[in-house]
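K.L.:
Have a look at this one.
The values are calculated or read from the model by the stated rules, or taken from the named source; none is laboratory data. Note that the structure is predicted; figures quoted are calculated from it, not measured. When we count neighbours, we look across all protein chains shown, and the Cβ atoms used for this are built from the backbone with ideal geometry, even at glycine. Note: areas computed on protein heavy atoms with side chains; ligands, DNA, RNA excluded. Shrake-Rupley method; radii C 1.70, N 1.55, O 1.52, S 1.80 Å.
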Amino acid sequence: MSPLVLSILMSSLALGTMITASSHHWLLAWMGLEINTLAIIPLMAKMHHPRAIEATTKYFITQAAASAVILFSSTTNAWATGEWDIMNLTSHLSTTTLLMAILMKLGVAPFHFWLPEVMQGIDLTTGLILSSWQKLAPMALLIQVSPNLNPQLLFISGIISTVIGGWGGLNQTQLRKIMAYSSIAHLGWMMTALTISPELTTLNLVIYIIMTTAMFLTLKMFSSTKISTLSSSWQKTPTLAAMSTLTLLSMGGLPPLTGFMPKWLILQEMTKQNATILATMMALSALLSLFFYIRLTYTMTLTTHPNTTSSTQLWRFSTTQPKLLLMTSATASIALLPSTPLLLSIML
């Protein structure tokens, strides 16, 4: 893909997200989502492989259906209230259909079926964009309309997402599918926190994007798409393998790493709201995700690749990939827990 076309597509991605996040009119928000979808389609199909074309088609059909439902919801609300303002969402039919459409766009259970298949068919860079940047615009809409949404539906979808995100990743050997189920599980935590504290949802989203960016860039550095190929990472770059191990444990929510912060704060807030049973179910479902993170950690650090030597390789081709973003995101995904009081004072 030529640099000019790539810059136009990336600019369109940024423009669509900014239009949706800053709009107060439903048609503008819908237009931003459509720009976002149309800009990532060429990036997904650029490999000219049948799996990539299949993934692109599935993504386009799902996003087009969700956008149509959003347009139907906003039109129904405008018919009932006479206004197109995003904050003025009062119709019960509109709120329910809008929630279903945004959950479908994000890939939250029970509308998650497209996400693992689409992630498996695209490359790691596009998978990073799909797992991080493409979540911003729908989440911005969801946070804006969160006071009007049905909390029971959000709680149910959040619990189902955390369970399915952990359960679905247990038997996977493809790293992109594992990252897709990880995304579903993290989105479940965000949905559960949305009705209690939208600020915690925003904090969880930011930390999730940091950890996912670090993990995808690490996999791209190792050129790994299967679990079996991770076993040679320790011989290639021991420092990066150690950082990746801590990043994986942080995604699982182990203290004293960054990923423990949002889970701790969400469980604490749910306990304050007398949702102890729900908090217990969420904490137990996190153990499912933690299992396959530990499985990746074991493969990366404690498994010897079947080659002629088990020592560190003395030479290798130097990579041309940028390392600054990788090291920054990896460090942030490990060491932000002590800054929890500062982040809470800023956001709450």
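K.L.:
What does the highest-first list of 284-293, 119-128 look like by mean Cβ count within 10 Å? All intermediate terms of the calculation are to be shown ahead of the outcome.
P.N.:
On the way: 284-293: 19.3, 119-128: 21.4.
Output ranking for 284-293, 119-128: 119-128, 284-293.
K.L.:
If you don't mind, another one. If you count only protein heavy atoms and use a 1.4 Å probe, how large is the accessible surface of I61, to the nearest 10 Å²?
P.N.:
Roughly 100 Å² of I61 is accessible to a 1.4 Å probe.
K.L.:
In whole Å, what is the distance between the alpha-carbon centres of the stretch 54-119 and the stretch 134-179?
P.N.:
14
K.L.:
Under the 0.36 nm per residue contour assumption, what length would be gained going from the current alpha-carbon distance of I346 and M10 to full extension?
P.N.:
Full-extension gain reported as 118.0 nm.
K.L.:
Right, here's the next one. Determine the shape class of the stretch 1-122: with a ≥ b ≥ c the square roots of the Cα gyration tensor eigenvalues, call it rounded for a/c under 1.5, and otherwise prolate if a/b is greater than b/c, oblate otherwise.
P.N.:
oblate
K.L.:
Testing the spin-label approximation: label points 7 Å from Cα along Cα→Cβ at L153 and A68. State their distance in nm.
P.N.:
Distance between label points: 1.9 nm.
K.L.:
Where a Cα-Cα gap under 25 Å defines reach, which lysines qualify for K226, not counting those fewer than 8 residues away within the same chain?
P.N.:
Straight-distance partners of K226: K46, K58, K135, K177, K236, K323.
K.L.:
What's the angle, to the nearest 10 degrees (0 to 90), between helix 26-44's Cα axis and the longest principal axis of the chain?
P.N.:
Helix 26-44 sits roughly 30 degrees off the main axis of the chain.
K.L.:
As I understand it, the value is the acute angle between the Cα axis of helix 3-22 and the longest principal axis of the Cα atoms of the chain; what does it come to in degrees, rounded to 10?
P.N.:
Taking the Cα atoms of the chain, the angle to 3-22 is about 40 degrees.
K.L.:
Which residues does the label zone of H24 cover in the stretch 79-101, counting backbone N under 14 Å from a point 7 Å along Cα→Cβ?
P.N.:
Answer for this model: 83-89.
K.L.:
Based on DSSP H runs of at least 4 residues, each adding -39500 (n - 2.57), what is the mean residue ellipticity at 222 nm of the chain after dividing by all its residues, to the nearest 500 deg cm²/dmol?
P.N.:
Mean residue ellipticity at 222 nm (helix-derived): -24000 deg cm²/dmol.
K.L.:
Tell me, what is a quarter of the convex hull surface for the C-alpha atoms of the chain, in nm² with one decimal?
P.N.:
Working: hull surface 71.0 nm².
Orientation-averaged projected area of the Cα hull: 17.7 nm².
K.L.:
So, one more: Between Q273 and L337, what FRET efficiency follows from the Cβ-Cβ distance if R0 is 22 Å, with the result rounded to 0.05?
P.N.:
Details: r = 23 Å, r/R0 = 1.06.
With a Förster radius of 22 Å, E is 0.40.
K.L.:
What nm value, rounded to one decimal, do you get for the distance between M327 and T280 when each label is placed 7 Å out toward the C-beta?
P.N.:
So the two model labels end up 4.7 nm from each other.
K.L.:
Relative to the longest principal axis of the chain, what angle (0 to 90°, nearest 10) does the C-alpha long axis of helix 50-81 take?
P.N.:
Value to nearest ten degrees: 20.
K.L.:
Taking the alpha-carbon centroid of each part, what is the distance from the stretch 330-344 to the stretch 194-219 in angstrom?
P.N.:
So the two Cα centres are separated by 12 Å.
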